[in-house]
Amino acid sequence: MNWKDSLQEKGFIRVHRSYLVNYAWILQIKGDQVYLKNCQDKIPLSRGRSEKVKLQYQRLIREEGVLWIWQLYRNSCSYRGMYDRYTNADPIL
């Protein structure tokens, strides 16, 4: 395994020949630009990598969502306990 593969496993995406970005810092991918969270910076998105970058970003976001749901389930004793904890409301059963 080379260093590029190692970084990709940790959530980094090569968006341009000169840029690697951690997906958690991506606010939006629009046109040929990648907009970053918490700053006004935008990074060029390579036309040749555009489709691959978008698919990789979507996959990482999806995996994060599945992990978050699994952690919620694991940390709760029951469905009702999980629902009450994260919504502060009684579920309609």
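Each reported figure results from applying straightforward, stated rules to the coordinates on display, with no laboratory input. This one's a predicted model, so the numbers in the text were calculated from it and none came from an experiment. Counting neighbours? That spans all protein chains shown, and the Cβs are built from the backbone with ideal geometry, glycine included.
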Protection proxy ranking of 39-49, 15-25 - average other beta-carbon atoms within 10 Å, highest first: 15-25, 39-49
Summed residue charge, Cβ within 12 Å of Val34's Cβ, Lys/Arg positive, Asp/Glu negative: +4
Proximal charge balance of Ile61 [Cβ under 14 Å; K/R count +1, D/E count -1]: +2
